[in-house]
1. On C-alpha positions alone, give me the angle between the axis of helix B:116-135 and the longest principal axis of chain B, in degrees, nearest 10.
2. So if each residue of separation counts as 0.36 nm, and I subtract the Cα-Cα distance between residue B:463 and residue B:517, what length gain in nm does that give?
3. So, by mean Cβ neighbours within 10 angstrom, what's the order for B:62-68, A:132-138, A:150-156 with the highest one leading?
4. At q = 0.21, 0.22, 0.23 Å⁻¹, work out log10 I(q)/I(0) for the range B:456-564 with the Debye formula, treating every Cα as an identical point scatterer and leaving solvent out; two decimals please.
5. Please give the Cα centre distance for the range B:96-172 versus the range B:552-604, rounded to the nearest Å.
6. Within 10 Å of each Cβ of A:402-411, how many other protein chain Cβ atoms are there on average?
7. For an R0 of 22 angstrom, estimate the FRET efficiency from the Cβ-Cβ distance between residue B:537 and residue B:165 and round to the nearest 0.05.
8. Please report the projected area of chain B's Cα convex hull averaged over all directions, in nm².
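Please treat every number below as a calculation from the coordinates, not as lab data. Only a predicted model underlies this, so the values are computations on that prediction, with no experimental measurement involved. Don't worry about glycine lacking a Cβ; one is built from the backbone with ideal geometry, like all the others, and counts go over all protein chains shown.
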Amino acid sequence: MILLALIAVLIGGGMVAAVAARWSAAAARWISLLALLADFGLGLSIWVRSAGAAGPWLVDADYAWLPQFGIRFHLAVDGLSLLLLMLTFFLGFVSVLASWSEITESVGFFHLSLLATLAGIAAVFLAVDLFLFYFAWELMLVPMYFLIAVWGHENRVYAAIKFFIFTQLSGLLMLVAILALYFFHHSTTGVYTFEYADLLGTALPPGTAMWLMAGFFVAFAVKLPVVPLHTWLPDAHTEAPTAGSVVLAGLLLKTGAYGMLRFVVPLFPDAAHKFAPVAIVLGVIGILYGAILAFGQTDLKRLVAYTSVSHLGFVLLGIFVGNALALQGALLTIICHGISTGALFVLVGSLQERIHTRELGRMGGLWATTPRLSGAALFFTLASLGLPGLGDFVGEFLVLLGTYRVSIPAAAIAACGVLAATLYGVRLVQRAFHGPNVHELRLADLAPREGLVVTLMAVALLWLGLYPRPVTATFQPAMDRVERVALK
Amino acid sequence: MLDLLWLIPAAPFASAAVLLLVGRRMPRKVVATLGVVSIAVSAIVSGLVAIAFIGSPPPGNAYDQHLWTWIAVGGFHPGIALYLDPLSLIMTLVVTFVSFLIHLYSTEFMAGDEGYARFFAYMNLFVASMVMLVLGDNLLLLYLGWEGVGLCSYLLIGFWYRDPANGRAGQKAFIVTRVGDTSMAIGLFLLFHMLGTLNIQELMARARADWPVGSGLAIAAAALLLGGAVGKSAQLPLQTWLPDAMAGPTPTSALIHAATMVTAGVYLIARTHVLYEIAPAVQLAVAIIGAATLLLAGFSALVQTDIKRVLAYSTISQIGYMFLALGLGAWSAAIFHFMTHAFFKALLFLAAGIVIEALHQEHNIFHMGGLRRELPVAFWAFLAGGCALAGLPLVTAGSYSKDWIIASASPSPALWAAAIAGVLLTSLYTFRLIFLVFFGTARTPVSKQPGVAEQIPVWVLAVLSIVGGSERPAYRPFMAHLFGATPKPPEALSTIAAAAAFFTGLVCAWYFLRGDAPATNPLARFWYAGWGFDWLYGRIFVRPVEWAARVNHNDVIDSMYDGLATLARFVWRGLALTENGKLRWYAAAIAGGTLIFVALVIFL
């Protein structure tokens, strides 16, 4: 029941906000905020109550939906999905606050779209019926498309369509793979079911398993994104409004990582194992290629967008290295990248609101006029370039530590990715915040609302960087299962 | 008393956090008080801890304070835990005490600066990180401190951020040292993978047990850690960042780029010396790197015109001595030289700061001169520091530590000769600097005399530079617990040779190096430019990376998808042409299509 409530609160909240916006835009914002706060509280209560719970799922909610096709409305959480849900609500909360003054048109529809996207993402993390999963997977795209296409920047329609085509086409491959798995399962057991637990361990001929795995992998690889399927990302991130960028970078990409952990590896362990060297190489390429691209950008938001390609390379690497260190590292990277990059997008958004440009050439010396904003940007840039003491470092270090056990060259080259992060990090700080204030900008520093947002995110990163154990302990049981499968 | 250990990093860290968050709204007095008192707390606590430690040594001559478990994943359990033994104790004492003096100096030196709170915040954060580096009981925590000091170094070099040159210097320092850090990180992966822990004591015990002398793994691990050490300590081939780092405020140069952070590499190697003992090839490399660096940097120091750059090259050269000592297995000598160097080099920088301040930010030594009478404090400080640096025999701390290193090199004639040549060079560039700045005719009027807050640290450090070597008899057995009791090398010959080199340098500097203008011959220019390393690295690393980033700015992969889109549009246009509403076209198309199908049916 509580799981259904998580989604219902978001959709209900979005609808109420849409209606309330007819009278007051502020009401829509407050309602959205409250809905996300409520969900965060619910998630927290699950986390607290389920500490040390046995069994694969911490909470389970199973309803009949289309029984004649073996389709059930089955939601469940384990440590993995629970923490991703917490991240979803946290970043949702941040997004609403970040859009407070940025979004002034169709405020009601904006909040409906935002909360619907978040509901879709939450459903993706919750669904353990593959049909329902696919349903949620496609559902989250539509409101996301609107977020980009309606409230985005100059080139928004191009970016939105590109985003939609990439994800839609790759999603279709996954649909084919899901259906094929469904029929294979029927042909061996005589039962039609989309239930995740039942489909686990479906006997498949090796060649077929490889093809089906590829179908899933491509869908998730586009989302993650894996080079060379990443080119929708910089456009979508750059053109989206701040909330859209935060949700894209912080959450939507993570659905790809989640999909690989939940489906690709457990459903097709042998195929995934055989495919792992390819994925590891792709991950390492992504780390370096993304970093070099980020280094070459002159649009601040695009620069931040490309850093995601690099960081998510670590996630791909960690998942396919598949030992406990690397898996936990990948998960921590997922969470921390969501927060640090999300915060950078919030700050870039604040900056764009003030100077109406994202071009680094139009900035410079901002420290003199906005010390709080600049200091915050420095903080999150340092997180992004892997400064120990902040969360991103722990994640990436664990991934590399785990990778070293599998492939020394991969670990060594990926470690150079951290070095490359230094290049774009110091360049960002230098071009935007240090140097002379040549354009003689005089800007308002962070308002209390913006300050609250970045403070929350900074505290979260410090916590994850110095005491990540509550998070890793929650991930542990789920990761043990993935690791067992991967090693089989 | 020992359980107060955690306060040593915690006090400056807390103060840094407060200053970063609300420092801008605080009165300057409060900022200064907070910044200095927090370091004073650290220094006092380390003093108390030292008394307790030496008074009643804990079992095993080491004290471990476990604060909390940092990470616990798959057999990897690094703690936030502090480890105190003679080595970390000496380091902590020197770091906190010298930091305190330099912070005190800064209250006056930075008084007019708009970024007063930011300066103290970064400096406090630096001290906290440096102490973590020294006290961390595992390599991951050491790495945390290691990166933390690197960050503070970057921020403080670029402290006056309005000038892009300062920003470039900071970036260069950060990136070059992080090249070394990457090597070090890979070393940590290797050590954890092979030995299953990053706890330093366990690592050393396991390495000694598992790896025979000369084993490939030991060599690889030691070499990878060495990569980190040469980056941080500005040794060949990663020494290029330190001269540029002088762009930062002078107290920063004194604290970070002379006394403490740049010696972190020395500490790392001393801390993991077991690894180098079972990897003799790498240990020899350390000695060679040290010897080569001390000569190279010495020659560069000889022709610099910026007072701080002379001192920067001198620092590189002196750390070269420490590396030489490490490479020779004279671990205690290296740390002893770290200590005396921290005193006299901090002193020289603080005195240089007084000179620069007095001459309206003049850095060029050829525009100085005759300051002996105008700035007596700076003169006497420079004389004390310079004599210690060049190693005035029997009187100064520097001579005790350096002679120890030179004597340790006596088994290897080549290294010994390099060390003696280094003394000659040191004496030459040191006295060239002193003669040019303090003797001769005055060229720039003096506008400011140092106040009390600047004078106290200078006097204290001057005294330490002279007498700081006298505790060597007590120091030796204290460190012997850790490094093993090495026989005292015969010093007589080395001392005599070093003394001869010292006086030769002094006399030659007086007669040949007091010219009115810098040397301009090609060799001097080559040395001046740091032996062309910047030029070389610019060609083979910086430009190619920048070129690749610029050329691929629009992502070549995306253009493939664009090509796909163009193709689709082209096909669509072609097909759209056929839909033109002309009946004749449709009829012809139907007929043609039928024909093709019939042909297919018949022929296949």
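1. 80 degrees
2. Extending this stretch completely gives an extra 16.1 nm.
3. Ranking the peptides B:62-68, A:132-138, A:150-156 by packing returns A:132-138, A:150-156, B:62-68.
4. Treating every Cα as an identical point scatterer, log10 I(q)/I(0) equals -1.15, -1.18, -1.22.
5. When both Cα centres are located, 66 Å separates them.
6. 3
7. Calculated transfer efficiency: 0.80.
8. Result: 40.9 nm².
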